[in-house]
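Read the structure below first, then the notes.
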Amino acid sequence: RVFGADKTTRCHFLGAPTTLPSGPMLLAAMMHCPVVLFFGLYRGGNRYDIYFEHFGDDIVLNREHRAEEIQSWMQRYVARLEHYARLAPYNWFNFYSFLGLRSHHNILIRLFCGPRAARLHRHASTTNGDGLPSGRFLDL
């Protein structure tokens, strides 16, 4: 979650632009330590699938290209989030708006129906008067 003056990076999550905090990536670069990603997917009852992934041995940021390198590492991280969100779309929930309403709506469509469905829906969409998208293909 991004607060006030936090350092952030623009990325694309499931095709929609979003802003994510870059602090964890900066901390990893400062500490020169390996980065391991951890994901837990709820499978019902008392069952979870647990995943650990090696992300990088040492995140090195070149001063001259620091912003671009942070963005590249963050986009790699977002790609892994997308992978696991697609594996278990019902595990995806968010308690704050890091996307606009229209983008959030399209992300839900992409998770549950795939990227082609989101493109079809976007072309069929209109607004329903309260600023939320609605359309002929899928109305959430």
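So what J values fall out for the stretch 73-90 if you push phi through Karplus, 6.51 cos²θ - 1.76 cosθ + 1.60 with θ = phi - 60°, rounded to Hz, Gly and Pro as x?
5, 5, 5, 4, 4, 4, 4, 5, 4, 4, 4, 6, 5, 6, 5, 9, x, 6
I need the semi-axes of the equivalent ellipsoid of the stretch 14-74: take the C-alpha gyration tensor, multiply each eigenvalue by 5, square-root it, list largest first in whole angstrom. Don't jump to the answer; show the numbers that get you there.
Working: eigenvalues 157, 52, 14 Å².
They are 28, 16, 8 Å, listed largest first.
Which value in nm describes the separation of the simple spin-label points at LEU41 and GLU53, placed 7 Å from the Cα toward the beta carbon?
The two pseudo-label positions are separated by 1.1 nm.
The numbers here are math on the coordinates, done by the rules we state, and not lab data. Keep in mind it's a predicted model, so treat the numbers as computed, not measured. Every residue, glycine as well, gets a Cβ built from its backbone with ideal geometry; the counts of neighbours run over all protein chains shown.
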